[in-house]
Amino acid sequence: MTQVSAGVYESDTGDLCIADGTVLVPKEKRQKTEVYSRIVGYLRPVSGWNKGKRQEFKDRKVFVPPVIESPEPQEGNDA
C-alpha cells in the first residue's frame with residue numbers, strides 16, 4: 001500500500017482505503033484532477049508544462065510563516 005495522505009492509502013488494486021482496509025473510493029470511481037499554478041497572475045494547468053518545469057513544481061517548498069505569540073497585556077500599561 002502507498003500512503004496518499006494522513007490515514008489514507010492506495011491499495012495494490014488502486015482503491016483508496018483507510019488503515020483497517022475499509023475502501024473509501026474504489027478504483028473505478030476515481031478520476032484525475034487538474035492541478036493549476038499561478039504564474040505572473042495567470043492560472044495555468046501544470047499538465048501543459050514540460051518535464052523540467054513539472055519537476056521544478058514538485059520540488060517547490062511551501063513557506064509556512066512562524067507563529068509569533070504576543071505577550072499578554074498587563075494592567076496599567078497602555079499598549
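No value in this document is a laboratory result; all are computed from the given coordinates. Remember, it's a predicted structure, so these values are computed and weren't measured experimentally. When we count neighbours, we look across all protein chains shown, and the Cβ atoms used for this are built from the backbone with ideal geometry, even at glycine.
For segment 6-79, divide the Cα radius of gyration by the Kirkwood radius and give the resulting Rg/Rh value with two decimals.
For segment 6-79, the value is 1.26.
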Added length on full extension, which subtracts the Cα-Cα distance from 0.36 nm per residue, residue 4 to residue 42: 10.8 nm
The chain - mean residue ellipticity at 222 nm from DSSP helices (-39,500 (n - 2.57) per run, n ≥ 4, rounded to 500): -3000 deg cm²/dmol
Only Lys, Arg (+1) and Asp, Glu (-1) charged, at Cβ; the chain dipole about Cα centre in debye: 960
FRET efficiency for residue 49 and residue 69, using Cβ-Cβ distance with R0 set to 30 Å, rounded to 0.05: 0.15
